[in-house]
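Report on one structure; see the data block that follows.
What follows draws every value from the coordinates through simple rules; no lab data is involved. None of the values given here were measured: they were computed from a predicted structure. Counting neighbours? That spans all protein chains shown, and the Cβs are built from the backbone with ideal geometry, glycine included.
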Amino acid sequence: MAKGKKKAGGNPAKGEKIFKNLCAVCHSLTSHGTGPALAGLAGTNIAGQDGFSYSGALSGKATLKWTDANMNKWLKSPADFAPGNAMAFAGIPSAKDRLDLIAYLKAT
């Protein structure tokens, strides 16, 4: 890698720490709780996990996929991405932290 160039993509190990600190209060990777299970989320339909009751704000986006761009927008500000959603989380202001968390979620 050339000097001064940053590696594209996030760091899943750092993303795991972010998940444990910010997300695990309401989310698990394997089972629904306050929030839906998040393992295998990348590339799936938004509000598409069976067995979880999504808010109308997210259900209205069910034709969209959890792409990197959509995950980034959601993690930056859930209220801006889906106004009226039920998630009581302001978002992650750091673009690097969002990138790391997305890398972790994609690795699950």
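Which of L41, L75, L29 moves most in a GNM of the chain, Cα contacts under 10 Å?
L29
Once Rh is set to the Kirkwood radius over Cα pairs, what Stokes-Einstein translational diffusion coefficient, in µm²/s, holds for the range 15-108 at a temperature of 25 °C and a viscosity of 0.890 mPa s? Before the final figure, lay out each step's value.
On the way: Rh = 13.2 Å.
So the translational diffusion coefficient is about 186 µm²/s.
Under the definition of Cα pairs under 8 Å and six or more residues apart, what whole-number percent is the relative contact order of the chain?
On the way: 153 pairs, mean separation 40.5, N = 108.
Across the chain, relative contact order equals 38 percent.
Hey, what angle do you get for helix 95-107 against the long axis of the chain, alpha-carbon based, 0 to 90 degrees rounded to 10?
70
DSSP loop (so not H, G, I, E, B), at most 12 other Cβ within 10 Å: list which chymotrypsin sites (Phe, Trp or Tyr not before Pro) in the range 55-108 pass both filters. Don't skip to the answer; put the middle values down first.
Values: sites: W66, W74, F81, F89, Y104; in loops: W66, F89.
Within the range 55-108, no chymotrypsin sites (Phe, Trp or Tyr not before Pro) qualify (loop, at most 12 other Cβ atoms within 10 Å).
Return the FRET efficiency for the residue pair A79, N45: r is the Cβ-Cβ distance, R0 is 22 Å, and the value is rounded to the nearest 0.05. Intermediate results must be reported in sequence, preceding the final value.
On the way: r = 21 Å, r/R0 = 0.95.
In this case the efficiency is close to 0.60.
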